[in-house]
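Notes follow the structure.
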Amino acid sequence: MKRIFQFLVLILVSSFLVACSQGKPAYKKELQSGGYKAIITSDQPPHVGINKWKIKIYGPDGKLLTGAKVSVNGYMPPMPGMPEMSFDYPVKDKGSYYEADVNLSMAGTWQITIKAEKNGQVVTFKFGFNL
Ligand SMILES: [Cu+2]
């Protein structure tokens with residue numbers, strides 16, 4: 001009887017853990033700019049290498065901004081013995097979100113600029129972090 005109980009608890013706990021890990025992205029970043037909002041999510045926290053970011057953009061009306069031309073740039077300021085670096089990452093339009101392969105090639109300070117353009121309107125989101 002005790003073993004059955006332990007088994008049931010184990011199943012309960014493990015299914016809870018699975019549900020948690022599926023529901024919550026490892027990385028989430030919310031950005032605001034001129035009434036627009038961008039939400040970045042990823043299965044992994046920022047790391048050296050290719051970071052797959054899902055980017056959802058919302059207009060001032062709160063609705064998803066679809067069909068925009070989105071660009072993502074990563075910039076690293078100059079370091080001792082190293083010039084500045086700037087990369088434009090590939091971005092795919094996935095319908096309800098945009099997917100960017102953000103290649104953070106080394107540890108250090110990164111500044112990310114996300115631009116979305118639609119019908120002549122441009123919105124720019126910026127943020128930075130240390131890797
Ligand atoms: Cu550097």
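Every number here is computed from the coordinates shown, using simple stated rules; none is lab data. These figures come from a predicted structure and were not determined experimentally. Glycine also receives a Cβ, built like all others from the backbone with ideal geometry; neighbour counts cover every protein chain displayed.
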The correct pair for the stretch 36-77, radius of gyration to one decimal and Dmax as a whole number, both in Å and from Cα atoms, is 12.5, 36
Compute the signed sum of charges (Lys and Arg +1, Asp and Glu -1) over the other residues within less than 13 Å, Cβ to Cβ, of LYS92. +1
Segment LYS118-ILE39, length gained on full extension (0.36 nm per residue, minus Cα span): 26.7 nm
Please give the contour-minus-distance gain from ASP88 to ASP61: 0.36 nm per residue of separation, less the Cα-Cα distance, rounded to one decimal in nm. 6.9 nm
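If you filter the stretch 50-122 for GluC sites (Glu not before Pro), then keep DSSP loop positions with at most 13 other Cβ within 10 Å, what is left?
Answer by residue number: GLU84.
Which value, in Å³ per residue, describes the convex hull spanned by the Cα atoms of the stretch 26-130? Working shown, then result.
On the way: hull volume 10.0 nm³, N = 105.
Per residue, the Cα convex hull of the stretch 26-130 comes to 96 Å³.
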Counting alpha carbon pairs within less than 8 Å and at least 6 residues apart, what relative contact order, in whole percent, applies to the stretch 26-130? 26
Would you pull out the residues with amide H under 5 Å of GLN44's amide H, same chain only if 5 or more places away, H placed 1.01 Å from N? ALA26, TYR27
Could you check the simple spin-label distance between THR109 and TYR27, using points 7 Å along Cα→Cβ, in nm with one decimal? 1.9
